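The values are calculated or read from the model by the stated rules, or taken from the named source; none is laboratory data. None of the values given here were measured: they were computed from a predicted structure. Reconstructed Cβ throughout: ideal geometry from the backbone, glycine too, with neighbour counts over all protein chains shown. Just the protein is used for accessible areas: all its heavy atoms, side chains included, with ligands, DNA and RNA removed. Shrake-Rupley method; radii C 1.70, N 1.55, O 1.52, S 1.80 Å.
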Amino acid sequence: PAIWDPGSGERVDLDVDLPGEVEVADWWPDAGALLLLHTHLGRNELYRLDLATGAVERLDHPAGSIVRAGVRPDGQVWYRWSSGAAAPEVRAVGRDDAVLRPPGPRAPAGVAYRSWSFPNPRGDRVHGFLAVPPDGQGPYPTVLLVHGGPHHHDADGWDPEVQAFVDHGYAVALVNYRGSTGYGKAWQDALEGDPGRPEVEDVAAGRDDLVAGGLADPEQVVITGASWGGYVTLQTIGTVPDGWRAAMAVVPVADYLAAYADESEALQAFDRSLFGGGPDEKPELFVERSPITHAATVATPVLLMVGDNDTRCPLQQVLNYAERLAELGKPHELDRFDAGHGALVIEERIRQTEVLLRFAARHVPGGAEPAT
């Protein structure tokens, strides 16, 4: 963080000795302090930075994720908080209960997330979280749930999809692969010129770590994700085909050349930043990092879920991938829904979760069928 005086043009960079990322959430009303939001290893912390002394004080709040925070006129700090085990609510620093909750029934508590790290093939430590059924009787059927973005990260925050899988007997692993935010600029930029390889290496290394540690049943590991997570899912089962019992790709990039042709100019520019150029400049890289190129080596049943009106990961390129699997005789299912890049309608999101759970249960012996 820094303070800039637009009148004088003076800028003062503030020395905050914290690991991870630090951003300014708000001013105190007297302009004597800043409210800082610190992100490190998938969790958030609030700090008060006194501008006169430079002192940095950690505020009192539980561990988890904070997506909004502000200082009220009376100096009280309110923040929107959740954790893997608790649905979002607005809290005040120094209070143990909520000051605001959404209307309607409260979501039931989930299992708490465990912080987890493991080495990748380069020797880096990859961080993520585990959500494990409360019985403690592993090894479990396990879901590698891959986040989208790619410049995003899984946090210790409320996720009904994670809890739904846990409720049905699965352990869930969340991997903040290279390309994720929150672990430094070099980690985030690792995909530039090399997309679709570091993420796959890190996700596969996470699976291997869970199997070696006895938490994951090696015969019952599922990989799934949405958007870029769907892309990583399909690229993984094509380039690291062994060791997956089922794969579920939601609104994925499946045929990169066709996806690029149908994307908006802004998304094409983003792809060029990842690949170091467009398909005309990097044709071999686009082909090699496209899941459809590796469809022949896929060795697991695949569920493809796509919105008919998706402008980010367009419909046709997913249909191309499904047609290629059909040509090759690969077992797969296609679920199309009437929306875009995901759905905001609660009933549709529930339906999609049920589709995922039923597909997993059909192919993973240890998975439970959802209730009718």
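At a glance:
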quantity	calculated
Kyte-Doolittle mean at least -1.0 and Cα axial length at least 24 Å: DSSP H helices in the chain	346-363
Segment His40-Val16, extension gain: residue separation times 0.36 nm, minus the distance between their alpha carbons	7.3 nm
Computed lengthening from Arg122 to Leu334, 0.36 nm per intervening residue step minus Cα-Cα distance	72.7 nm
Point-charge dipole on Cβ atoms (K/R +1, D/E -1) for the chain, about Cα centre, debye to 20	700
Highest-first arrangement of 103-111, 16-24, 161-169, where packing means the average Cβ count within 10 Å	161-169, 16-24, 103-111
Surface share of carbon and sulfur [accessible, 1.4 angstrom probe, percent] for the chain	51
All-pairs alpha carbon distance profile, the stretch 292-372, 5 Å steps from 0, percent	3, 14, 22, 20, 21, 14, 6, 1
Convex hull of the stretch 57-123 built on C-alpha atoms - directionally averaged projected area, nm²	7.2
Square roots of five times the Cα gyration tensor eigenvalues for the stretch 1-159, Å	33, 22, 12
Residue of Val203, Val298, Val93 that the Gaussian network model of the chain assigns the largest fluctuation, springs spanning Cα pairs under 10 Å	Val93
Gyration tensor (alpha-carbon) shape descriptor, the chain, a/c threshold 1.5	prolate
Mean separation of Cα contacts under 8 Å, 6 or more apart, over the residue count of the stretch 1-111: relative contact order %	15
Only Lys, Arg (+1) and Asp, Glu (-1) charged, at Cβ; the stretch 157-309 dipole about Cα centre in debye	200
Separation in nanometres of the label points that stand 7 Å from Cα toward Cβ, at Arg114 and Ser8	5.4
Sequence-separation-based contact order of the chain, relative, with Cα cut under 8 Å and 6+ spacing, percent	11
Set of the stretch 12-33 residues, backbone N closer than 11 Å to the point 7 Å along the Cα-Cβ line of Leu51	12, 27-33
Overall Cα dimensions of the stretch 167-298, principal axis frame, Å, largest first	46, 36, 25
Cubic angstrom per residue, convex hull over Cα atoms of the stretch 36-83	78
For the stretch 202-361: accessible area per residue (Å², 1.4 Å)	40
Helical mean residue ellipticity (222 nm; -39500 (n - 2.57) per DSSP H run of 4+; nearest 500) of the chain	-7500 deg cm²/dmol
Spacing of the two label points (7 Å from each Cα toward its C-beta) at Gln316 and Arg72, in nm	5.4
In order through the stretch 17-28: 3J(HN,Hα) via Karplus (6.51 cos²θ - 1.76 cosθ + 1.60), integer Hz, x for Gly, Pro	8, 10, x, x, 9, 10, 9, 8, 8, 5, 9, 6
